[in-house]
Amino acid sequence: MDKLELTADFSDVRIDKYLSEHSELSRTRVQALCKEGLIKVNGEAVKSSYKLSENDVITAEIPEDQPMDLLPENIPLDILYEDSDLIVINKPKGMIVHPAPGVYSGTLVNALLYHCKDLSGINGTIRPGIVHRIDKDTTGCIVACKNDFTHEGIAKQLEDKTCHREYRTIVMGNLEHDDGLIDAPIGRDPNDRQKMKVTDQNSRDARTHFKVLERFKDSTYAECALETGRTHQIRVHMKFIGHPVMGDLKYGKPCKYMDTQGQVLHAYRLTFIHPRTGEKMTFEADLPEYFQQLLEKLRKESE
């Protein structure tokens, strides 16, 4: 385990910001070490939001990187864009983004390990390159980073809400308004730790903008834009307003139009500033075939 010791030379700055500028540690890495109690100020463990005072003594214990035991897998990828810093993928339905307990193969990370020579190590050995995620049955645009510089840049845009993510979905019932904003905090459901819910308890602010694209007999095709990025945000917000996402067994019910269930949700458009070049980049992923077929079924039934 490596050790780091510094004395703060000015005050009123967050410790994660200070260390990211005065060491080789990234800000995200500092935040993770703080959560593990491995960064101390004057001998006391602190949170990443701790504001330093001049002459504070900072010590950090930095664990050695654990060897990655995930295997690269030759899984075909629908690549929308790639350069030496990042790769944008159109993720298929049913693919998990990164390994989790009991699932160590067939994930997007396994595929990326085969395709890419290097991936950012900020999120550790289980989630290399992953800066944001989309659920297993959600399809569409996701960006992975090949180095820590790019990872930090994209993560900052997600934090600052300058990375724009737009989704297409079909929800149950007819939305009352043609467009609107759902502003409701989301936290863990105390009765089911696998689910999220709108709640004022231990929650974080969450905002989803929606716009109706097409109306059917008993469902609505809509576009949703994320202002924040909470777990299951669109699915939770649509359930909250009484229009759960079609096929969503976690927050809704089975859909009679679908043979294979799973939320009808597609990350249609992704926009960000390339951290290295400063270029504004927008990527779009065509609706998957099952989604297009479902739209045709609904249109015919609504005639």
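The values are calculated or read from the model by the stated rules, or taken from the named source; none is laboratory data. What you see is a predicted model, and the numbers here were worked out from it, not measured in a lab. A quick note on method: Cβ atoms are made from the backbone with ideal geometry, for glycine too, and the neighbour counts reach across all protein chains shown.
Just one of 130, 122, 170, 142 is assigned by TED's automatic domain parsing to the domain that holds residue 263, surrounded by 20 or more Cβ atoms within 10 Å (Cβ to Cβ) and at negative phi; which is it? Write out each step before concluding.
Working: 130 fails: assigned by TED's automatic domain parsing to the domain that holds residue 263; 122 fails: assigned by TED's automatic domain parsing to the domain that holds residue 263; 142 fails: assigned by TED's automatic domain parsing to the domain that holds residue 263.
Answer to the check: 170.
Within the stretch 56-70, identify whether any single residue is within 21 Å of the chain's Cα centre (by Cα), hydroxyl-bearing (Ser, Thr, Tyr) and either surrounded by 15 or more Cβ atoms within 10 Å (Cβ to Cβ) or in a strand (DSSP E or B) (or both), and answer yes or no.
No; the residues of the stretch 56-70 include none that is within 21 Å of the chain's Cα centre (by Cα), hydroxyl-bearing (Ser, Thr, Tyr) and either surrounded by 15 or more Cβ atoms within 10 Å (Cβ to Cβ) or in a strand (DSSP E or B) (or both).
Could you say which residue among 193, 276 is modelled with pLDDT of 95 or more and assigned by TED's automatic domain parsing to the domain that holds residue 295?
Details: 193 fails: modelled with pLDDT of 95 or more.
Of 193, 276, the one residue that is modelled with pLDDT of 95 or more and assigned by TED's automatic domain parsing to the domain that holds residue 295 is 276.
Quick check, is residue 292 modelled with pLDDT of 95 or more and part of a helix (DSSP H, G or I)?
Details: modelled with pLDDT of 95 or more: yes; part of a helix (DSSP H, G or I): yes.
Here the answer is yes, as residue 292 does meet what is asked.
In the stretch 137-156, which residues are under 12 Å from the mean Cα position of the chain (by Cα) and at pLDDT below 95?
As a first pass, look at the stretch 137-156 and keep what is under 12 Å from the mean Cα position of the chain (by Cα): 138, 141-144, 154-155.
155 - this is the single residue of the stretch 137-156 that is under 12 Å from the mean Cα position of the chain (by Cα) and at pLDDT below 95.
Take the stretch 170-228 and flag every residue that is in contact (Cβ under 8 Å) with a residue 40 or more places away in the chain, of a type in the set (Phe, Trp, Tyr) and part of a strand (DSSP E or B).
Of everything in the stretch 170-228, just one residue is in contact (Cβ under 8 Å) with a residue 40 or more places away in the chain, of a type in the set (Phe, Trp, Tyr) and part of a strand (DSSP E or B), namely 221.
Can you confirm whether the stretch 213-224 contains a residue that is assigned by TED's automatic domain parsing to the domain that holds residue 173, touching a helix residue (DSSP H, G or I) at 6+ places or on another chain (Cβ under 6 Å), surrounded by fewer than 19 Cβ atoms within 10 Å (Cβ to Cβ) and among the charged types (D, E, K, R)?
Yes, there is a match, as at least one residue in the stretch 213-224 is assigned by TED's automatic domain parsing to the domain that holds residue 173, touching a helix residue (DSSP H, G or I) at 6+ places or on another chain (Cβ under 6 Å), surrounded by fewer than 19 Cβ atoms within 10 Å (Cβ to Cβ) and among the charged types (D, E, K, R).
In the stretch 33-55, what residues are part of a loop (DSSP other than H, G, I, E, B), free of Cβ contacts under 8 Å to residues at least 40 places away in the same chain, among the hydrophobic types (A, V, I, L, M, F, W, C) and farther than 15 Å from residue 3 by Cβ? Even if it seems obvious, please write down each step before you answer.
Here is the first cut: in the stretch 33-55, the ones part of a loop (DSSP other than H, G, I, E, B) are 36-38, 42-43, 46-50, 52-55.
So of that shortlist, the ones also free of Cβ contacts under 8 Å to residues at least 40 places away in the same chain come out as 36-38, 42-43, 46-50.
Filter once more, keeping what is among the hydrophobic types (A, V, I, L, M, F, W, C): 38, 46.
Scanning the stretch 33-55 gives a single hit, 46.
Against the conditions (1) surrounded by fewer than 21 Cβ atoms within 10 Å (Cβ to Cβ); (2) farther than 23 Å from residue 301 by Cα, where does residue 267 fall short? Just the number, please.
Condition (1) is where residue 267 drops out.
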